[in-house]
Amino acid sequence: MALNWEVVWEYRAALADGLKLTLDLSAWSLVGSLALGTLVGCLGALPGYFTRRLVAAYVELLRNLPVVVKLFFLYFAVGLDAMAAGYLALITHQSAYVADVIASGFRSVPREQSEAALVLGHSRFQVFRHVLLPQVFRLVLPPLTNQFIEVVKNSAIVMLVGVQELTFQAQNIESETFRGFEAASVATACYVLIALAIAGGMALLQRRLRLA
């Protein structure tokens, strides 16, 4: 069967709406997972044994639960609406991976630096804010790039609860026109462009921090 790319133009509004929703989901989930993951990673760097064990349990539990399980639990069991369940599932899922990345960054910074700052009279918050975190973020930018791209890829899972994002729209086009290849090709191209934009932005940020 010959390809018919005109169907993409005919459904351009639906694809544009789906892309906009995917970008919205990805952007807010990225910010949320970074904030929550950084908080959990910082808590894991504290000296308290109980706090470290609690953080380790959080990371292991959420990393081993598929994101679709989180989504269905929040949507069907908790009763959140589709968008709220999608946001929370994506944020909590990726925050565990971000926390692990942040924790590895803290382990890469020599302990003597924080000890010296504490001896000089800085509070533990000041040590985290001014001494540790700036170095940690420089170290973990490459692995964080992968985590941000994972957020975009995982955003497609929300179609399972009826959120009409990009993948949902592509499958809807297939069901109505039987032109799944054309629709899927456009959706794939959009995901690739988003991933390239994230990778390029993070690479630029990494170069600027290296020069700072």
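Only the coordinates and a few stated rules stand behind these numbers; no lab work does. Keep in mind that what you see is a predicted model, and the values were worked out from it rather than measured. Note that each Cβ is placed from the backbone with ideal geometry, even for glycine, and that neighbours are counted across all protein chains shown.
The base-10 log of I(q)/I(0) for the chain, evaluated at q = 0.12, 0.16 Å⁻¹, reads -0.72, -1.06 [Debye formula, identical scatterers on Cα atoms, solvent excluded].
Could you order the peptides 137-150, 160-173 from most to least packed, using the average number of other C-beta atoms within 10 Å per residue?
Details: 137-150: 18.1, 160-173: 20.6.
Averaged packing, sorted descending, gives the order 160-173, 137-150.
Measuring how big the stretch 37-99 is from its alpha-carbon positions, Rg and Dmax come out at 12.9, 39 Å. Count charges around residue 156 for me, please; just the other residues with Cβ under 13 Å from its Cβ, Lys/Arg as +1, Asp/Glu as -1. Charge balance in the 13 Å sphere: -1. A Cβ-based charge dipole, computed about the Cα centre of the chain with Lys and Arg at +1 and Asp and Glu at -1, lands at about 1120 debye. In the stretch 1-126, the C-alpha radius of gyration followed by the widest Cα-Cα span (Dmax) gives 20.7, 74 angstrom.
Of the Cα atoms belonging to the stretch 125-188, the radius of gyration and Dmax stand at 19.3, 59 Å. With helices as the sole contributors, the chain gives -26000 deg cm²/dmol at 222 nm; each DSSP H run of n ≥ 4 counts as -39500 (n - 2.57), and the sum is divided by every residue.
Would you mind calculating the relative contact order of the chain from Cα pairs under 8 angstrom and at least 6 residues apart, reporting the percent as a whole number? Walk me through the intermediate numbers first.
On the way: 226 pairs, mean separation 62.7, N = 212.
The normalised contact order for the chain reaches 30 percent.
When the stretch 6-98 is described by a simple charge dipole with +1 on each Lys and Arg Cβ and -1 on each Asp and Glu Cβ, the residue from 78, 92, 49 located farthest towards its positive end is 49. To the nearest 10 degrees, how steeply does helix 82-108 sit against the main Cα axis of the chain, on a 0 to 90 scale? Helix 82-108 sits roughly 40 degrees off the main axis of the chain.
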